[in-house]
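Report on the following structure.
Please treat every number below as a calculation from the coordinates, not as lab data. Since the structure is predicted, the reported quantities are computational estimates derived from the model, not experimental observations. Ideal geometry is used to build each Cβ from the backbone, glycine not excepted, and the neighbour counts take in all protein chains shown.
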Amino acid sequence: MVVQGEMKEFPNFPLERVTTKAITIKSARGHSYKACELALAQLASKRFPLEKVTTHRFGLKDVDMAIKSVGGQGVPDVIHASLMPWL
C-alpha cells in the first residue's frame, strides 16, 4: 500500500487488517518546486544525451498507443516512450 502524506490522520483506518494480512505501507513523498527547477536546468544543459534514452515519441492524441506499445501490444521494440504534446 502506498500512502501520500496529505493528511495527518486517517480516521477509522483498519490497522488490524494491515497486521493480519502482513501488508507493507510505504510513504510516497513528493518533490519541491526547487527540485523541479534543478531537473529542468539539467535537461536544458544538454549534459546528458537524453535523445538516446527515448526510443519512441508520441503526440497526446496517441497516448493510448504509447501505453500499449510500452506494454508490448502496440508499436514493436519500444523501450521508452515520450509524450510530446506538439506532435
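For the range 35-55 versus the range 65-87, the spacing of their alpha-carbon centroids is 20 Å. Tell me the angle of helix 33-44 to the major Cα principal axis of the chain, expressed in degrees between 0 and 90 and rounded to the nearest ten. Tilt relative to the chain: about 20 degrees.
State the extension gain, in nm to one decimal, for the chain segment bounded by C36 and M84, taking 0.36 nm per residue of separation less the distance between their alpha-carbons.
Values: separation 48, 0.36 × 48 = 17.28 nm, distance 1.85 nm.
Working it through step by step, the gained length comes to 15.4 nm.
In this calculation the C-beta distance from D77 to E51 is compared with R0 = 22 Å, giving a FRET efficiency of 0.85.
Springs between Cα atoms under 10 Å define the GNM used for the chain, and in it the highest mean-square fluctuation of R57, R17, R47 occurs at R17.
Using a 7 Å offset from the Cα along the Cα-to-Cβ direction at both T24 and F10, what is the distance between the two label points in nm, to one decimal? About 1.6 nm, to one decimal.
The relative contact order of the chain comes to 23 percent, based on Cα pairs under 8 Å that sit 6 or more residues apart.
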